[in-house]
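Heads up: the structure comes next, in structure tokens.
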Amino acid sequence: MQDFLYMSGYGPYVWSCFLLTFAVLIYNAWQARMTLGEEIVKAQRRARTQTGSDT
Amino acid sequence: MWLWFHKLSSPPHAFRTAGRLRPWFFWPAVLLIAIGTFGGLVLAPEDYQQKDAFRILYVHVPSASLSLMVYVAMAVGAAIGLIWRMKLAHAFAAACAPIGAWFTVLTLATGSIYGKPMWGTWWEWDPRLTSELILLFLYLGYMALRASFDDTQRADRASAILAIVGVVNVPIVKYSVVWWNSLHQGPSISKLSAPSIHGSMLWPLLVMMLGFVLYFAAVMCDRIRSEILRRERNASWLSEIDAET
């Protein structure tokens, strides 16, 4: 296990790259999801005001 | 064929289709990235020259490939939008930019971390590295240009031209290691002859690449839906959308 973490002396480089990649991938997917949620709320509010003004 | 194309380009239909497709891209992407990570970190043998440091390439290479692929996709979307005045194509291009920019950031960051033990430096003004940095500036420039217009149509047109002109940088990034005597290593898997990488090291890389492509498709589904909503002013179908979808 220690050998695996040590990565023949390159551990800090290898692990930081993988952690950074996963952090960015998770953040990117999460941010896209959050933005979509906000846009849906905005669109529904807009739709309600428009239908309200039509009637 | 044209009917299908026309149907897909209608905002409500595209919105629903992207929502339906997303889980089919997302979960296989998670699975493939997990398998690729396990294969790359545990199963692949150590490189005889680069030792375990070569494992960084399992995240660096897919990020780099995607940074270029996403740019080409963005430029194609922008060109279609510009030529055929198709709003959905502009929405696609606009949705590509932040995803591509993040892949470019990852490429530069992981490349830099790889460069320190391999080349003895975090950064070098080498053709491959410099052209990849220009790619990041193109993405950022594209997003900044879009943000500077209040009118979506003008933003679409102006940013599309930047995206199309910037595509000239893509072959420069791709072939920089062949054209110039670069510090960066040459291609290993995209050579027309047999790839100069052993199968036991190659398969996790290919799995990871496929995982990244599906991940891009999944995030794209969410981003293009946001873009469609931002542009859509017609209330009739907006009132029917479900917050859960």
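The numbers here are math on the coordinates, done by the rules we state, and not lab data. Here the structure is a predicted model, which means the values were calculated and not measured. Virtual Cβ from ideal backbone geometry, glycine too; neighbours counted across all protein chains shown.
Can you compute the FRET efficiency between A:Tyr6 and A:Arg45 using 1/(1 + (r/R0)^6), with r the Cβ-Cβ distance and R0 = 51 Å? Round to the nearest 0.05.
Details: r = 55 Å, r/R0 = 1.07.
Computed FRET efficiency for A:Tyr6 and A:Arg45 comes out at 0.40.
Test of understanding: express the Cα radius of gyration of the protein assembly as shown as a ratio to 2.2 N^0.38 Å, with N the residue count.
Values: Rg = 21.1 Å, N = 300, 2.2 N^0.38 = 19.2 Å.
Working it through for the protein assembly as shown, the quotient is 1.10.
Rank the residues A:Val41, B:Val207 as a footprinting-exposure proxy: fewest other Cβ atoms within 10 Å of their Cβ go first. Show your work: numbers first, answer last.
Details: A:Val41 12, B:Val207 22.
So the ranking, lowest neighbour count to highest, is A:Val41, B:Val207.
In whole Å, what three semi-axes, largest first, describe the equivalent ellipsoid of the range B:131-189 built from its Cα gyration tensor (square root of 5 times each eigenvalue)? It would help to have the intermediate numbers written out before the result.
Working: eigenvalues 194, 20, 11 Å².
Equivalent-ellipsoid dimensions as semi-axes: 31, 10, 7 Å.
Mind checking which aspartates and glutamates have their C-alpha under 20 Å from B:Lys174, skipping anything on the same chain fewer than 8 residues away?
Straight-distance partners of B:Lys174: B:Glu124, B:Asp126, B:Glu132.
Which Cα, out of B:His60, B:Leu21, B:His184, lies furthest along the positive dipole direction of chain B (beta carbon charges, K/R +1, D/E -1)?
B:Leu21
Hey, if you put +1 on the Cβ of every Lys and Arg and -1 on every Asp and Glu Cβ in chain B, which of B:Thr110, B:Thr121, B:Leu88 ends up farthest toward the positive end of that dipole?
The listed residue farthest towards the positive side: B:Leu88.
So how many Å³ per residue does the convex hull of the Cα atoms of the range B:21-231 work out to?
Numbers: hull volume 26.2 nm³, N = 211.
It is 124 Å³ per residue.
Let me have the 222 nm mean residue ellipticity of chain B computed from DSSP H runs of 4+ only, each contributing -39500 (n - 2.57), with the sum over all residues rounded to the nearest 500. Write out the running numbers ahead of the final one.
Values: 9 runs with 180 residues, N = 245.
Roughly -25500 deg cm²/dmol at 222 nm, from the helical runs in chain B.
Please arrange A:Met7, A:Met1, B:Met143 by how many other C-beta atoms lie within 10 Å of their C-beta, fewest to most.
On the way: A:Met7 19, A:Met1 5, B:Met143 16.
Ranked by crowding around the Cβ, least crowded first: A:Met1, B:Met143, A:Met7.
Using the Cα centre of the protein assembly as shown as the reference point, and only Cβ charges (+1 on K/R, -1 on D/E), how large is the resulting charge dipole? Debye, rounded to the nearest 20. Spell out each step's value before the answer.
Working: 25 positive and 19 negative charges, 170 e Å.
Computed about the Cα centre, the dipole is about 820 debye.
So which trypsin sites (Lys or Arg not before Pro) in the range B:43-88 pass both tests, a DSSP loop state and at most 14 other Cβ atoms within 10 Å of the Cβ? It would help to have the intermediate numbers written out before the result.
Working: sites: B:Lys51, B:Arg55, B:Arg85, B:Lys87; in loops: B:Arg85.
Sites meeting the loop and neighbour criteria: B:Arg85.
May I ask for the distance between the Cα centers of the range B:99-171 and chain A, given as a whole number of Å?
20
On average, how many beta carbons from a partner chain sit within 10 Å of the beta carbon of a residue in B:213-221? Please list the in-between numbers first.
Numbers: counts 0, 0, 3, 1, 0, 3, 7, 1, 2.
So the per-residue partner count for this stretch is 2.
Under 14 Å from the Cα of B:Lys87, which aspartates and glutamates turn up, not counting those fewer than eight places away in the same chain?
B:Asp151, B:Asp156, B:Glu227, B:Glu232
May I ask you to evaluate 6.51 cos²θ - 1.76 cosθ + 1.60, the Karplus curve with θ = phi - 60°, for each residue of the range B:108-119 and list the ³J(HN,Hα) values in order in whole Hz, giving x for glycine and proline?
Working through the residues one at a time gives 5, 5, 5, x, 5, 5, 6, x, 4, x, 7, 10 Hz.
When the chain is fully extended, how far beyond the present Cα-Cα distance does B:Phe137 get from B:Tyr175, taking 0.36 nm per residue of separation?
Working: separation 38, 0.36 × 38 = 13.68 nm, distance 1.90 nm.
Result: 11.8 nm gained on full extension.
Using the scaling law 2.2 N^0.38 Å as the reference, what is the normalised Cα Rg of the range A:1-42? Walk me through the numbers before you get to the answer.
On the way: Rg = 16.9 Å, N = 42, 2.2 N^0.38 = 9.1 Å.
Dividing the Cα radius of gyration by 2.2 N^0.38 Å gives 1.85.
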